[in-house]
Amino acid sequence: MRKIPLRAILLLVLLAIGFGLSAWRIASPWWNEKQHGITTIRFSHWQLEPGVRRAYEAIIADYEALHPEIRVKQIAIPGRIYRQWGSTQLVGGQPPDLMQIGLGLSRGFFFDDFVPITSYVDEPNPYNAGGPLADTPWRNTFHDGMFGSMDPKTMEYFGASQFSSTVRIFCNQDMLKKVTGKDTFPENFADFLKLRDQLQAYNAEHNTPISLIAGSKFSAMILFRNLFSTQTQKIGSRLNHLNDFPLKGEYFYLAYLDGDWDMSDPSMQQGARLLTEASTLMSSGFAQAEGDQAHLRFVQSHAMLMVLGSLQATGIIEGSPFEVSVHRIPQPQTDDPEYGPQMRGPIAETDLITYGALGITRSSRHPEQALDFLRYLTSQEVCRKFSQISRNLPTTIGIEPAEEMKPFLPEMRGFPPGPIFTTISEVITLVEQNRHLLAAPVSSPEQYLAALEAGLPKAMITDLQRIVRSRYSAVRLVEASIGASAHLAADHHEDAVIRTKLAGQLGAQNDIEASAYYTRLRLKRADRTAP
Amino acid sequence: MRTARLLARWTSSHDGHTPNMRTVYPILFSFALCCTISGAESSVPLIDSGWTALARMDNAKGLELFSHDQSTRDQRLGYALALLGSTNDSPSKLDPCRRELIALREENPHDDSGIAATFYLARIAQHFEGNGDPQAAIITYRTLLADHPGHPLAELAAPKLAITLLYEDVSDQELQTRFTEIDSLIPRLQHMPNQRDTRLILADALLRLTNDHARAYVLITWCLERDLIQRASRLNNYLLQAGESARILGHKTEAIAHYQRYIKSFPRDNKTDEIRRRLRKLEGGDSGA
């Protein structure tokens with residue numbers, strides 16, 4: 001008898017186990033459904049922050065108790081592979097019933113893979129029944145009116161979100177006390193610079209290399225955008241012929257191409273000086289550093305401060321071996337002799353905008369149940385529980401956040417921010433390519449502005465043309481859908497939902513189309529008058 | 001023993017020593033694929049008709065459903081629209097779409113399907129062709145509005161005509177003529193979304209191109225008074241614009257009313273604090289600025 005090679009047996013056993021597990025994974029929801037009438041819905045997300053999965057587990061247990069015929073499974077996938085993983089699921093035709101939308105999933109064409117829920121967002125959420133939001137349309141139960149779940153290309157709502165984030169400075173409170181002898185954090189930019197000087201003196205005295213801010217690409221972007229927008233408040237008001245504030249980057253660029261402002265404007269001069277000063281606050285090499293490097297510097301006490309979003313707060317506060325306090329980025333004051341003259345006042349933050357909505361996939365086998373679970377997740381009481389366990393800012397109105405999260409609430413008193421250069425891709429690239437001119441050893445606002453001036457017209461035109469093309473594309477994308485809605489509205493005169501949807505689609509398409517034509521006209525005229 | 005022999009034969013290559021994975025893998029893979037496909041095919045669609053599919057932007061499903069039945073002009077229009085919706089992924093579908101629409105128009109340009117076909121041929125000329133032909137679209141829009149007054153589909157041409165005419169690079173005199181043409185069109189429109197959008201497009205163009213607050217203000221307030229602006233981002237924009245135009249025109253009481261409505265509608269917007277300051281200033285108090 002021929003002997004069977006052991007290696008072959010092992011391989012076969014492994015294969016059989018692997019295959020069995022795969023088959024069981026595929027078949028078990030189906031088997032449960034067929035045999036026990038149990039439906040399994042799955043949802044995927046990339047929120048690996050501590051607390052989020054715990055919160056979901058608790059909420060799932062509640063939901064399953066309420067609906068014994070439903071089982072819910074969460075699938076947490078790291079953000080860096082979420083797009084690849086999600087795309088594979090979508091292409092394979094077996095995606096989870098609900099997927100968190102974002103990180104480049106569906107290449108931004110959500111309607112290819114997700115079912116619009118626009119027709120439901122104006123109805124009350126049934127899970128809010130009996131509470132203060134019982135009669136409030138689902139859309140209006142969110143702080144941002146579900147703005148973050150709407151696809152600007154099509155004006156359709158593709159999901160509902162439980163996530164929003166604000167950016168703050170995290171401070172090593174022990175180190176602050178050690179360096180300054182006090183525990184008060186600077187409230188304005190002038191005091192921020194004083195803190196930098198105090199830290200330098202401390203470093204010299206104790207021979208330590210502590211940086212003020214653990215610098216990274218992310219922290220530089222946030223800090224620079226925030227500070228620069230204080231210096232363009234007045235020019236923003238001056239250029240704002242349409243009285244729509246804050247002035248949109250698009251109109252800021254068009255005004256530049258029309259010759260309404262240039263780099264000699266005091267706002268640009270002071271803005272560049274302010275950024276040069278801001279560069280001295282960050283650890284060297286900030287322009288190349290990633291967020292996790294900055295994180296490490298901070299928790300190892302190699303930097304006193306760190307710029308981060310509220311979602312990471314729990315991890316930082318729980319994981320740091322020192323007391324952490326949370327603050328807004330200090331801004332110049334209007335009486336600041338150098339940076340005050342271009343300002344109107346402290347900048348008001350926008351309300352909590354949601355992101356990463358959970359959307360119902362087109363291939364979902366249980367779209368009705370997925371919608372029901374989505375409504376449950378975003379109802380007021382469940383959102384309260386989610387916020388308490390996950391330490392996330394609540395996305396639903398009428399919920400008090402956890403005490404330690406209150407410093408993350410947006411400060412809505414203040415003035416509109418001025419326009420910034422970081423709205424669209426070519427201009428962003430130009431700004432980032434020249435950012436090193438602001439930092440040591442160059443530290444030259446003049447060189448920075450000269451470099452921008454040389455490249456801005458071409459970059460702005462490219463970006464504006466891209467905006468126009470993208471709007472035309474959006475107009476084309478919804479044409480057939482509007483035609484179908486018009487047909488359905490004609491057939492169902494009495495159906496208010498269909499009529500409302502059609503009116504909304506028409507309005508959105510007309511607005512987008514008119515904006516595309518207007519920008520194209522302004523570009524044409526700017527091109528004609530260009531030297 | 002017999003099983004062991006079978007297993008050995010199955011897992012061994014012809015030389016009798018190494019596993020013959022070229023045989024095992026394809027079998028297992030095909031089986032897994034069958035399971036996956038059968039699972040995917042058991043999806044329960046939410047969609048009951050091609051029109052519903054298209055309205056939900058599921059062009060593939062719409063195309064599939066309309067392909068099965070083109071017995072009526074209505075169904076053929078649906079099929080043409082499904083083809084139009086699919087051109088984003090498959091540009092080659094534009095030709096059959098155009099052919100179907102031309103056929104529908106030529107058979108009968110006066111019924112609902114014929115009017116819709118005419119409208120969508122203009123949209124194709126304007127936005128789907130290589131360089132676009134706005135002049136052809138303008139002619140068609142004018143014809144639709146003249147030949148089918150009050151028809152809901154023909155009226156869709158009104159805001160489109162306004163956009164195409166008003167944002168062309170023309171002289172100031174010609175622009176005024178075009179403003180007048182669109183202005184005179186509005187009273188004839190019978191469907192609210194078309195009334196609203198044509199008014200707002202005209203108002204925007206008056207403000208953007210000539211800074212004419214007086215004419216724009218009347219158009220915007222007509223829509224606001226009737227609660228025709230529902231989308232939050234749009235209402236936000238026009239309430240602010242109405243308040244500002246009223247302030248600039250010296251209509252203090254009206255400006256105050258628009259600002260108050262803004263604050264009530266958007267209590268947590270990043271513009272609200274600024275609006276409060278402007279309101280205080282209008283009411284004679286300290287703006288705080």
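A few comments on the model shown:
- A residue that is in contact with a Phe, Trp or Tyr (Cβ under 8 Å, 6 or more places away or on another chain), in contact (Cβ under 8 Å) with a residue 60 or more places away in the chain, of a type in the set (Phe, Trp, Tyr) and more than 30 Å from A:Arg238 (Cα to Cα) occurs nowhere in the range A:328-346.
- For the criterion of being crowded, with 20+ Cβ neighbours inside 10 Å and closer than 30 Å to A:Gln433 by Cα, A:Leu449 passes.
- Members of the range B:55-101 found to be in a helix (DSSP H, G or I), in contact with a Lys or Arg (Cβ under 6 Å, 6 or more places away or on another chain) and among the hydroxyl-bearing types (Ser, Thr, Tyr), listed by number: B:Ser86
- Residue in the range A:479-501 that is surrounded by 21 or more Cβ atoms within 10 Å (Cβ to Cβ) and either modelled with pLDDT under 90 or away from chain B (no Cβ under 14 Å) (or both) present: yes
- Inspection of the range A:139-152 identifies no residue that is farther than 19 Å from B:Arg231 by Cβ, of a type in the set (Val, Ile, Thr) and either free of Cβ contacts under 8 Å to residues at least 24 places away in the same chain or crowded, with 21+ Cβ neighbours inside 10 Å (or both).
- Test set (1) among the small types (Gly, Ala, Ser); (2) within 10 Å of chain B (Cβ to nearest Cβ); (3) crowded, with 22+ Cβ neighbours inside 10 Å - A:Ser119 fails condition number: (3)
- Close pairs from the range A:228-246: first surrounded by 21 or more Cβ atoms within 10 Å (Cβ to Cβ), partner at pLDDT below 80, Cβ under 9 Å, at least 6 apart: A:Phe228/A:Thr422; A:Gly236/A:Phe245; A:Pro246/B:Asn270
- Residues (of a type in the set (Ser, Thr, Tyr), more than 18 Å from A:Val475 (Cβ to Cβ) and crowded, with 19+ Cβ neighbours inside 10 Å) located in the range B:126-157: none
- Restricted to the range A:343-366, and to residues there that are under 14 Å from A:Asp151 (Cβ atoms) and hydroxyl-bearing (Ser, Thr, Tyr), the residue that is farthest from the other protein chains (Cβ to nearest Cβ) is A:Tyr355.
- Counting the residues of the range A:252-281 that are in contact (Cβ under 8 Å) with a residue 24 or more places away in the chain and either within 14 Å of chain B (Cβ to nearest Cβ) or assigned to a helix (DSSP H, G or I) (or both) gives 20.
- One residue from B:Leu185, B:Leu175 being closer than 26 Å to A:Lys524 by Cβ, part of a helix (DSSP H, G or I) and away from chain A (no Cβ under 14 Å): B:Leu185
- Unique residue being closer than 20 Å to A:Asn240 by Cα and within 9 Å of another protein chain (Cβ to nearest Cβ) when the list is B:Asp197, B:Asp212, B:Asp273: B:Asp273
- Look at (1) within 22 Å of B:Gln195 (Cβ to Cβ); (2) of a type outside the set (Ser, Thr, Tyr); (3) surrounded by fewer than 15 Cβ atoms within 10 Å (Cβ to Cβ); (4) at the interface with another protein chain (Cβ under 9 Å from one of its Cβ atoms) and you find that A:Arg525 fails only one, number (1).
- Of all residues making up the range B:65-98, the number that are within 12 Å of B:Ser49 (Cβ to Cβ), surrounded by 14 or more Cβ atoms within 10 Å (Cβ to Cβ) and more than 10 Å from every other protein chain (Cβ to nearest Cβ): 3
- Qualifying residue in the range A:102-109 (condition: within 11 Å of another protein chain (Cβ to nearest Cβ) and among the small types (Gly, Ala, Ser)): no
- Any chance A:Ala65 is surrounded by fewer than 17 Cβ atoms within 10 Å (Cβ to Cβ), of a type in the set (A, V, I, L, M, F, W, C) and touching a residue at least 60 places away in the same chain (Cβ under 8 Å): no
- Among the residues examined, A:Arg375 does not qualify as more than 14 Å from chain B (Cβ to nearest Cβ), free of Cβ contacts under 8 Å to residues at least 60 places away in the same chain and closer than 30 Å to A:Glu69 by Cα.
- In the range A:436-457, the condition of being in contact with a Lys or Arg (Cβ under 7 Å, 6 or more places away or on another chain), more than 24 Å from B:Ala232 (Cα to Cα), touching a residue at least 40 places away in the same chain (Cβ under 8 Å) and of a type outside the set (A, V, I, L, M, F, W, C) is met by at least one residue.
The values are calculated or read from the model by the stated rules, or taken from the named source; none is laboratory data. The structure presented is a predicted model; accordingly, all values stated were derived computationally and were not measured. Note: ideal-geometry Cβ built from the backbone for every residue, glycine included; neighbour counts use all protein chains shown.
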